[in-house]
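Nothing in this text is a laboratory measurement; each read-out follows from the coordinates by a stated rule. Just so you know, these numbers come straight off a predicted model, no measurement behind them. A quick note on method: Cβ atoms are made from the backbone with ideal geometry, for glycine too, and the neighbour counts reach across all protein chains shown.
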Amino acid sequence: MNKTLIVAKREYLQRVRTKGFVIFTVLLPAIIGGYIFFIVAVVSKAGANAKAHLAVVDLSHQVFPALRHELSDKLPNGQRQFRLEEVAATPAALPAVEARLRRQVLAGKFTGFLVIPADVLQSNLAQYHAKNVANFNLLGTMEHGLESAVTRVRLKNAGIAGAQLPQFFATFHLHELKVTASGESKNTGGAVVLGYILGFLLYFVLIINGVTFMRSVVEEKTNRVAEVVLASVDAFGLLMGKVIGVAGAALTQALVWVVSLALFAAYAGAASLAAGKAGWMKQVPHLGPMVYVSFVVLFLLGFLVYASLYAAVGAIVSSEQEAQQSQMPITLLLVAALLMGFTVLTTPNSILAVVLSEIPFFAPVLMMMRIPIANPPLWQIVLSWALCAVAVWLIMKVTSRLYRVGILMTGKRPNLPELMRWLRYS
Amino acid sequence: MAEAEPRQAIVRLTGVSKAYGTVRAVSGLDLAVPEGAVYGLLGPNGSGKTTTIRMIMNILVPDAGQIEIQNRPADAKSKDAIGYLPEERGLYTKMKVGDLLHFFAELKGLGKAEATRRVNDWLERVELAEWRDKKINELSKGMQQKIQFIVSVLGDPPILILDEPSSGLDPVNANLLREILLELRTRGKTILLSTHRMEEAERLCDHICLIHRGEKVLDGELAAIRAAAGKSSARVDYRGDGGVLRTAPGVAEVDDYGNYAEVRLAPGADAAVLLRYLAGRIEVTGFALQEPTLNQIFLEAVGGREAAAPAAAGSREGR
């Protein structure tokens, strides 16, 4: 077997076997999964309980029938969500009626009561009294129902009724069509999120693995294993093997997360289909295979680029504390990519966006965003991959030179002129 | 000096120099390690031994000069022919002994079955077989040292380069190491070892190279070097005040250790005269003529150079 691969295998196995890795890889999806199960359970339970028994004081004497019609939605279990009871009152008797209803609400007879004023058609105002006025779901449905009921009454007063009515209440849809070289296709709006998902995934995986990886590079130097290994492999092979090994571990972790999240999403999708609330599923885009291939390739290349930067820092510093301090700028680079994402999203085909998405440090996030929304030509995608690979190779070339000198030096951190001299030494 | 053209040189350095910034670690070093020899690279601390070895291992790149291994310029590939024990030891402390040795065996290109066989044999040989499934950091320093040694011989390489191999070993394990080294020599391996302990080199090596401040002072077969120096030295065991040795007739130099002294005789001096002179003044319990020790040879060779003092300090440290 190739020596670099032997080093990579050792690095991968050592990393994957640590308790920290196993815990993070398994625990995170377990927590998220548990959270989703919890939400689904709560939502379906809350849905069953969201029944409301309302008293309605209709001083306008014309809205109540229309309101009953609007609030006739049924719950999944077949029961009506709203039970409405009209309570007669005159403006003069209103205070007394309200006092009685308040007592009944407190006693639990009604969930709450609505007061529809006489001038509701002009004022567009009504009052809702209840113990709990923070149930936004209920309030929203009620408000929407009142609005429709009042409109219905207005239309009727204007002489429009019967079969003509439904067309006034038809829901409006805007269909977005994306123009591409291969004709027009449906928009894949949700795909934009992929770039961010990749960015954040990369960020998390780097936070978890980057520093420990850099620490292992420093440790190998300080406890002098490096010299033993270098008796069999050259510095480039050693570092490249380590970087490939840690990238393999990161990919394993990411795959576990992505696959388990997909399973949870499928579960949540099935659950909301059953609950008849699958509207959000229309947001899930249908993506071409290129997007998925790019996701895996760019994740791996992106991790390699950043891991090689960590290796470079590890090769220069001589203690773990120094390594901790020096990792900040690297993660900032990734954060910068996420921030630039906003610019790229709004003008994905501008020259700036194209150039930024080709830069190896930003490509994983920005190219991933552009692929679904901007349909960049294939050469741009492949070029970004190639540039990432070249960047990894170059960084590792320089790093291995620094490393050769670095293993034999201990003590203070070298300054820039000293680093240049290190490059010449080896 | 004794420049007898040896057997085919398996490691050869020609005019090798290396400087760190303004410090010259090695300058113009020529070296020829004959195949099958136990070759000692000697010198005080900081004389350039480790730098030389690191250049042979292609870990450092020389500023000037050529290094040839098995008649080919040294490169990454020539590492396969060499087993290396660095001066500063280090292992992956969180790995199990067996896993670690298998990793290094794989790096040396061994197949799985062969690796398992050799790992078991060697662990058996150094009496650590029952530690195979323990982690390195559970082992004592001496045990780690032995594991480290196994790493260097695991690939059964024709050349073995050991930087201060016995440092940190107790006498029992130092003995074990010597046995193994002699056994490897009879199997035709070439062994290049560095040490600052002259008496260790005297026991083990058949060839030596003395370096001082990065320059070769003398090299050749140990027997030839000592023969050339002649039996011009005497060991005097005594009780009493050793101060009289310095004023005795025919004495050029004295290394007084309290219970005995090594006396370098002036050219043409008669040992019998010296013995008679001493007998009347101190109690002489032993008197033997001998070839000069490596230490004396070294001191003499460096003596002419202005840097004799630190060299002497360095070489005594090991006693």
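General observations
- Shielding of A:213-219 by partner chains, average beta-carbon count, 10 Å: 1
- Theoretical FRET efficiency, 1/(1+(r/R0)^6), r = Cβ-Cβ of A:Val291 and B:Asn45, R0 60 Å, to 0.05: 0.45
- Choice from B:Val126, B:Val38, B:Val172 showing the highest fluctuation, given a GNM over chain B with Cα pairs closer than 10 Å: B:Val172
- The stretch A:1-140: C-alpha gyration tensor shape, a/c 1.5 cut-off, then a/b vs b/c: prolate
- Span from the the stretch A:110-179 Cα centroid across to the the stretch A:1-18 one, whole angstrom: 65 Å
- For the stretch B:182-247 versus the stretch B:102-173, the spacing of their alpha-carbon centroids is 29 Å.
- Between amide H atoms placed 1.01 Å from N, distances below 5 Å from B:Val251 occur with B:Ala266, all of them 5 or more places distant or on a separate chain.
- Built amide H within the under 5 Å cut-off of B:Phe287, gap 5+: B:Asp237
- Greater than 32 Å apart at Cα, pairs in A:Lys9/B:Lys18; A:Lys51/A:Lys156; A:Lys3/B:Lys141; A:Lys221/B:Lys49; A:Lys397/B:Lys134; B:Lys18/B:Lys94: A:Lys9/B:Lys18; A:Lys397/B:Lys134; B:Lys18/B:Lys94
- Among A:Glu70, B:Glu283, A:Glu98, the order by Cβ neighbours within 10 angstrom, fewest to most, reads B:Glu283, A:Glu98, A:Glu70.
- Here the peptides A:237-248, B:96-107 are ranked by packing, the mean other Cβ count within 10 Å, and the order with the highest first is A:237-248, B:96-107.
- Most positive-pole-ward Cα, B:Val251, B:Thr93, A:Ser384, against dipole of the protein assembly as shown from beta carbon charges: A:Ser384
- FRET efficiency estimate (nearest 0.05) - Cβ-Cβ, A:Thr331 to A:Ala389, R0 22 angstrom: 0.50
- Computed label-point distance, nm, for sites A:Gln164 and A:Gln81 using a 7 Å Cα→Cβ extension: 3.0 nm
- On the beta carbon distance between A:Val26 and A:Leu378, with R0 = 35 Å, the FRET formula returns roughly 0.40.
- Length added when fully stretched, B:Thr93-B:Asn120, from 0.36 nm per residue minus Cα-Cα: 7.8 nm
- Between A:Gln127 and B:Arg239, the modelled labels are 12.2 nm apart [label points 7 Å from Cα along Cα→Cβ].
- Distances between placed amide hydrogens fall under 5 Å for B:Ala19 paired with B:Ala25, B:Asp63, all partners being 5 or more residues away or on another chain.
- Shielding of B:85-97 by partner chains, average beta-carbon count, 10 Å: 5
- The mean number of Cβ atoms from other chains found within 10 Å of a Cβ in peptide A:228-239 is 6, as a whole number.
- Taken one residue at a time, the phi angles of the stretch A:244-251 give Karplus couplings (6.51, -1.76, 1.60, θ = phi - 60°) of 5, x, 6, 5, x, 5, 5, 5 Hz. Gly and Pro are set to x.
- Listed values for the stretch B:154-171 are Karplus-derived 3J(HN,Hα) couplings in whole Hz (6.51 cos²θ - 1.76 cosθ + 1.60, θ = phi - 60°), namely 4, x, 6, x, x, 10, 10, 10, 10, 9, 6, x, 9, 5, x, 9, 6, x, and x replaces Gly and Pro.
- Gain on full stretching of the segment that runs from A:Ile36 to A:Asp119 - 0.36 nm per residue minus C-alpha separation: 25.3 nm
- Under the simplified labelling scheme, the B:Ala113-B:Tyr257 pair shows an inter-label distance of 5.3 nm, with each label point 7 Å from Cα along Cα→Cβ.
- Here the 3J(HN,Hα) profile of the stretch B:80-93, calculated from phi with Karplus coefficients 6.51, -1.76 and 1.60 at θ = phi - 60°, is 5, 8, 10, x, 10, 10, x, 5, 8, 7, x, 9, 6, 5 Hz, Gly and Pro shown as x.
- Relative frequency of Cα-Cα separations exceeding 23 Å in the stretch B:125-225, percent: 33 percent
- Each of A:Arg401, B:Arg239 was scored by other Cβ atoms within 10 Å of its Cβ. Arranged with the fewest first, they read B:Arg239, A:Arg401.
- Sites listed here are trypsin sites (Lys or Arg not before Pro) in the stretch B:167-211 whose DSSP assignment is loop and whose Cβ has at most 11 other Cβ atoms within 10 Å: B:Arg187.
- The fewest-to-most ranking of A:Met142, A:Met368, A:Met396 by surrounding Cβ atoms within 10 Å reads A:Met142, A:Met396, A:Met368.
- Rg/Rh for chain B, where both radii come from Cα atoms and Rh is the Kirkwood radius: 1.03
- Three-way shape label, the protein assembly as shown, alpha-carbon gyration tensor, a/c 1.5: prolate
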